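Notes follow the structure.
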Amino acid sequence: MDALLKARDSMREEQRRKNRELMPRLAALVDEVRQQFPDAKVIWGEDLVTGHKVGQKPENENAFTIPKDYFPCATYDTNKRKAKR
């Protein structure tokens, strides 16, 4: 049973590596989102430059398109308290 779990984990890690190679801009976006939301999960994604896709696009309003010219932006600390007015 332990060997089966190790094989599954190895296969998942290999798929993650392949996805990052095939979809570098999507990988950058996911990395950026996970800095602020560590438990975020990718349901569907498409790298519009390379054309590769992952998952299945939902039919509801929770899906959005990242522009082709997307480039990771600066990160912001969302945990800071807002100044009182």
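Read-outs throughout are calculated quantities, based only on the coordinates presented, and are distinct from any laboratory measurement. Note that the structure is predicted; figures quoted are calculated from it, not measured. Using ideal geometry, Cβ is built from the backbone for each residue, glycine included, and neighbour counts are taken over all protein chains shown.
Per-residue Cβ neighbour counts within 10 Å put M1, M11 in the sequence M1, M11, beginning with the fewest. Backbone phi angles across the stretch 16-22, fed through the Karplus curve with coefficients 6.51, -1.76 and 1.60 (θ = phi - 60°), yield HN-Hα couplings of 4, 4, 4, 4, 5, 5, 7 Hz in residue order; Gly and Pro are listed as x. Of the GluC sites (Glu not before Pro) in the stretch 1-61, the ones in a loop by DSSP (not H, G, I, E or B) with at most 12 other beta carbons within 10 Å are E59, E61. With both labels modelled 7 Å from their Cα along Cα-to-Cβ, the E14 to R34 distance reads 2.0 nm.
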